[in-house]
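Since the structure comes first, as structure tokens, the remarks are kept for the end.
The values are calculated or read from the model by the stated rules, or taken from the named source; none is laboratory data. Because the structure is a prediction, the values reported are computed rather than measured. Positions of Cβ are backbone-derived with ideal geometry, glycine not excepted, and every protein chain shown enters the neighbour counts.
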Amino acid sequence: MSFSSSPVVSLRDVTIYQDVQTVLSNVNFDVEKGEFVYLVGRTGSGKSSLLKTLYADLPLQTGNAAVAEFQLGKLRRKQVPFLRRKLGIIFQDFQLLFDRTVAENLAFVLKATGWSDKSKRKQRISEVLMRVGLDAAANKMPHQLSGGEQQRVVVARALLNEPVILFADEPTGNLDPAVADGIMKLFQEINNHGTAVLMATHNYEIIQRYPQRVLKCENGRVLDSKVEEFNLVNGYQ
Ligand SMILES: Nc1ncnc2c1ncn2[C@@H]1O[C@H](COP(=O)(O)OP(=O)(O)OP(=O)(O)O)[C@@H](O)[C@H]1O
Ligand SMILES: [Mg+2]
């Protein structure tokens, strides 16, 4: 039997905590392979906490959760890098290393994830830069790039290990509308190639322009547009 149809993310009766505070409870949803899902909700409603739990930055204490076929409840610290290698993680603040070139930023991640062959690293770096439309930028320093271009490098970095899912936490938050739209088009393209995307956003216009399933954090619960109707407009502040 093949396991290829199992969801990339599967949560059952999960509680999300920050220290002793319960942020979200009774969380139940799956994200299928190749699916695109938005995560919305007011500031402080738990979007980042949920994403952090999914990439094992916050421990899973209650309920069952599987991400990329790793059971989060049983995950040992030593296994976290192996889980992360299957994920692409993108934050609002870019977190590029500003003391080295674009190619060196990407090489740093490849070395840290076991790519010991220099020519293979070089090949992979040029592939991902091509993918995000920045093939000419390999030898530039991050400060020589615009904010939108820097974010494209971050997306390229997230794609290095061919993730099964991208977790993106407000990836367009600091970008002007035209640049944000370019990043969204890139996400759509990545998604069309089979990578699932779970993206936290406050940007209602983007959701209108690129409609997809929506998960909404509200009053300590996660609502799912696949399961129930809810007010989409309210909850972007
Ligand atoms: N590091 C932390 N330590 C303790 N509590 C935290 C921490 N980070 C967030 N919280 C709390 O957890 C709750 C959920 O915060 P979270 O950052 O997940 O919200 P969010 O939906 O991502 O908000 P935003 O839209 O502003 O990014 C809030 O009450 C917040 O104060
Ligand atoms: Mg957040």
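This table checks each residue for (1) part of a helix (DSSP H, G or I); (2) surrounded by 18 or more Cβ atoms within 10 Å (Cβ to Cβ); (3) hydrophobic (A, V, I, L, M, F, W, C).
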residue: 122; (1), (2), (3): yes, no, no
residue: 133; (1), (2), (3): no, no, no
residue: 136; (1), (2), (3): yes, no, yes
residue: 175; (1), (2), (3): no, yes, yes
>> I need the full set of residues from the stretch 48-91 which are within 16 Å of ligand 2 (Cβ to nearest atom) and among the hydrophobic types (A, V, I, L, M, F, W, C), in order please.
In response: 50, 51, 54, 58, 89, 90, 91
> Which of (1) within 16 Å of ligand 2 (Cβ to nearest atom); (2) modelled with pLDDT of 90 or more is the odd one out, the single condition residue 235 does not satisfy?
Replying inline: (2)
> When the residues of the stretch 188-225 are filtered to those that are within 16 Å of ligand 1 (Cβ to nearest atom) and under 14 Å from the mean Cα position of the chain (by Cα), which remaining residue is farthest from residue 55 (Cα to Cα)?
Replying inline: 201
>> Within the stretch 150-172, does at least one residue satisfy the condition of being of a type in the set (Ser, Thr, Tyr) and crowded, with 19+ Cβ neighbours inside 10 Å?
In response: yes
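In this structure, does residue 44 turn out to be within 16 Å of ligand 2 (Cβ to nearest atom), over 18 Å from the mean Cα position of the chain (by Cα), free of Cβ contacts under 8 Å to residues at least 60 places away in the same chain and more than 16 Å from residue 161 (Cβ to Cβ)? Working first, answer last.
Numbers: within 16 Å of ligand 2 (Cβ to nearest atom): yes; over 18 Å from the mean Cα position of the chain (by Cα): yes; free of Cβ contacts under 8 Å to residues at least 60 places away in the same chain: yes; more than 16 Å from residue 161 (Cβ to Cβ): yes.
Judged against the criteria, residue 44 is a match.
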> Within the stretch 196-227, restricting attention to residues that are away from ligand 2 (no atom under 16 Å from the Cβ) and crowded, with 22+ Cβ neighbours inside 10 Å, which residue is farthest from residue 68 (Cα to Cα)?
Replying inline: 197
> Among all residue pairs at least 6 apart or on different chains, which show Cβ distances below 9 Å where the first residue, located in the stretch 51-66, is on the phi > 0 side of the Ramachandran plot and the second is part of a loop (DSSP other than H, G, I, E, B)?
Replying inline: 56/75
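For residues that are outside any strand (DSSP E or B) and within 16 Å of ligand 1 (Cβ to nearest atom), tally how many sit in the stretch 18-76. Lay out the reasoning, then the answer.
In the first step, residues of the stretch 18-76 are kept if they are outside any strand (DSSP E or B); the result is 19-20, 32-35, 41-61, 68-69, 72-76.
After this cut, where a residue has to be within 16 Å of ligand 1 (Cβ to nearest atom) as well, the list is 19-20, 41-61.
Within the stretch 18-76, residues that are outside any strand (DSSP E or B) and within 16 Å of ligand 1 (Cβ to nearest atom) number 23.
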> Can you name the residue in the stretch 1-37 that is at pLDDT below 95 and aliphatic (A, V, I, L, M) and, of all such residues, is nearest to residue 228 (Cα to Cα)?
Replying inline: 20
